[in-house]
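Below is one structure, written out as structure tokens, with a few remarks after it.
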Amino acid sequence: MKIIKLNATNSTNSFLKELGQNSALENFTVVVTGEQKKGRGQQESKWISEPFKNLTFSVFTNDFDLEIRHQKYLNFAISLGVFNTLAHHKIPNLSIKWPNDILSANKKICGILIENNIKGTKINSSIIGIGLNVNQEKFPDTIKNVSSLKITSNLEFDLDRLLIEIVENLKKTIHLLSLKEYLKLETDYLTALYKNKIPSMFKDKDGILFMGKIIGVSNYGNLQVELEDETTREFGVKEISFL
Ligand code: BTN
């Protein structure tokens with residue numbers, strides 16, 4: 001593991017991507033920063049984090065052999081790497097909200113941005129961006145349903161140690177991916193999945209509310225929801241929201 005520690009950068013994902021364009025990166029190169037000026041979230045959103053209170057970091061990995069059609073397992077491995085670390089610290093009421101938010105007490109404490117490099121039909125390497133709210137105690141009113149480890153567990157964490165623990169756990173779950181332990185990854189992910197198999201209300205991209213229950217994740221990573229009439233519908237990330 002090689003860790004590059006910065007005080008500030010625009011985005012650790014962008015930093016690592018640029019570094020990889022100029023030199024060959026070692027597997028599990030990590031870039032962590034105290035502050036991001038332009039932290040990026042999923043679907044072109046921003047990632048806002050109080051400087052030096054939380055973890056904002058990215059990990060480069062290329063030590064797996066994965067067909068694009070199996071990409072959901074990479075997402076499972078990464079989400080579980082973070083989830084397992086937090087479970088070890090007994091963070092209360094933990095779950096993974098599809099595709100890869102980590103919740104504690106039903107509030108988001110961690111966001112993950114995975115940027116893959118594709119070669120032919122395979123994922124050649126990946127930059128895993130992780131924003132984990134650790135010691136932040138207050139959030140702006142404009143950000144809804146967020147929390148931090150400090151708020152939900154009342155514990156204060158050493159950021160350097162927690163970072164190493166997460167990367168060590170990512171190594172383990174990504175190793176399972178290299179071993180093609182897909183069934184284990186899928187079972188563990190579905191066990192941790194928020195609202196899995198629980199009848200719940202959702203909203204589709206046209207704003208229509210409907211009842212259904214999550215029954216799984218398809219090969220390309222779509223969410224599979226069984227509707228009340230027992231038919232199954234699949235949704236991409238932009239096509240469904242949870243109520
Ligand atoms: C999300 O929208 O939930 C994903 C958030 C990902 C944030 C992390 S912070 C470190 C890395 N660098 C970025 O610019 N984004 C990711």
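The values are calculated or read from the model by the stated rules, or taken from the named source; none is laboratory data. Everything numeric in this text was worked out from a predicted model, so none of it was measured. Positions of Cβ are backbone-derived with ideal geometry, glycine not excepted, and every protein chain shown enters the neighbour counts. Heads up: the accessible areas ignore ligands, DNA and RNA and are worked out on the full protein's heavy atoms, side chains in. Shrake-Rupley method; radii C 1.70, N 1.55, O 1.52, S 1.80 Å.
Numbers for the structure displayed
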{"item": "Residue that is farthest from residue 99 (Cα to Cα), among those in segment 7-32 that are in contact with a Gly (Cβ under 9 Å, 6 or more places away or on another chain) and in a strand (DSSP E or B)", "result": "7"}
{"item": "Matching residues, segment 16-57, being open to solvent by 40 Å² or more (accessible area, probe 1.4 Å) and near the ligand (Cβ under 8 Å from one of its atoms)", "result": "36, 38, 40, 42, 43, 45, 47"}
{"item": "Residues being open to solvent by 10 Å² or more (accessible area, probe 1.4 Å) and more than 19 Å from residue 125 (Cβ to Cβ) - total across segment 60-90", "result": "6"}
{"item": "Those residues of segment 96-142 which are outside any strand (DSSP E or B), open to solvent by 70 Å² or more (accessible area, probe 1.4 Å) and either under 18 Å from residue 42 (Cα atoms) or basic (Lys, Arg) (or both), in sequence order", "result": "138, 142"}
{"item": "Every residue from segment 214-236 that is open to solvent by 70 Å² or more (accessible area, probe 1.4 Å) and in contact (Cβ under 8 Å) with a residue 12 or more places away in the chain", "result": "219, 220, 228, 232, 233, 234"}
{"item": "Members of segment 143-199 found to be under 22 Å from residue 220 (Cβ atoms), of a type in the set (Asp, Glu) and part of a helix (DSSP H, G or I), listed by number", "result": "186, 188"}
{"item": "Hits in segment 113-127 - residues which are within 12 Å of the ligand (Cβ to nearest atom) and free of Cβ contacts under 8 Å to residues at least 60 places away in the same chain", "result": "114"}
